[in-house]
1. Being charged (D, E, K, R), free of Cβ contacts under 8 Å to residues at least 24 places away in the same chain and touching a helix residue (DSSP H, G or I) at 6+ places or on another chain (Cβ under 9 Å) narrows it down to one of GLU93, GLU137, GLU98, GLU123, so name that one.
2. Testing ALA105 on (1) modelled with pLDDT under 90; (2) surrounded by 10 or more Cβ atoms within 10 Å (Cβ to Cβ), one condition comes back false. Which one is that?
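The values are calculated or read from the model by the stated rules, or taken from the named source; none is laboratory data. None of the values given here were measured: they were computed from a predicted structure. No Cβ is skipped: glycine too gets one built from the backbone with ideal geometry, and neighbour counts run over all protein chains shown.
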Amino acid sequence: MAAVTDFAAVIIVGLALAVLAVSWIWRASARASIIESLERAMVSNQARQDAQQSEIDDLRNQIAELREGRIADHALLEEWIAYARRLAALFREATGQEPPPEPAARARVVSPGDLGRLARTIENRFSLDEMTNLAFELGMDGSVTGDTQATRAVSLVNVAKRRGLLVRLIELCRAERPNGGF
C-alpha cells in the first residue's frame, strides 16, 4: 500500500510540475507578445514623431522664407511710398493744385499673440457674468462657452474674431474698464 501512495504522490507531484511548466511557458510567451507589441508601438510612435519633426522643420523654413519676403516687400513698399510723395510734390509744383490725400493708415492686423493678450486681459478684468454680458451685447451670448474665467475669455475672443467683432469687443471692454489696458 505504501508503494501505491508513493506512486500517487509521484503522479500528483508530476502533474503539479507539469501545470507549473505549462503556466510558465504560457506566461513567457504572453510576455514576449506584450514586449513585441510595445516594440511595434514604439517604432510606430518614433516614425510618427520623425514625420512631425520633419513637418515642423519644413514649417520653420517656410516661416523664415515668408518673413524674408515680407521684409523685402516692406522695403519695396517704402520705396514706392517715397516715389509717390516725390510725384505728389512734382504735381503740386507743375499744376499748383493739391494732389489727392495719402490714404489713411490702416489698423494693424491682429496677431494670435495679440488675441492671447486680449483674452488674458479680459480674464483678469472681468468676472464670468461680466463676460457673459459682453457676449450678450455683441449678440453672441449663445456661442460663448467656458466654465472658468480663462476658458470663457478665450471663447469670447475667438467667437468675436470669427464674427468680425473684435474691434467692437475692445470698444466695449474700454467702455467698461477705461483703465483696463485695452
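1. From the options GLU93, GLU137, GLU98, GLU123, the qualifying one is GLU98.
2. With (1) modelled with pLDDT under 90; (2) surrounded by 10 or more Cβ atoms within 10 Å (Cβ to Cβ) applied to ALA105, the lone miss is (2).
Matching residues to (1) at pLDDT 95 or above; (2) part of a helix (DSSP H, G or I); (3) within 30 Å of ALA82 (Cβ to Cβ):
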site	(1), (2), (3)
ALA94	no, yes, yes
ARG117	no, yes, no
SER143	no, no, no
ARG174	no, yes, no
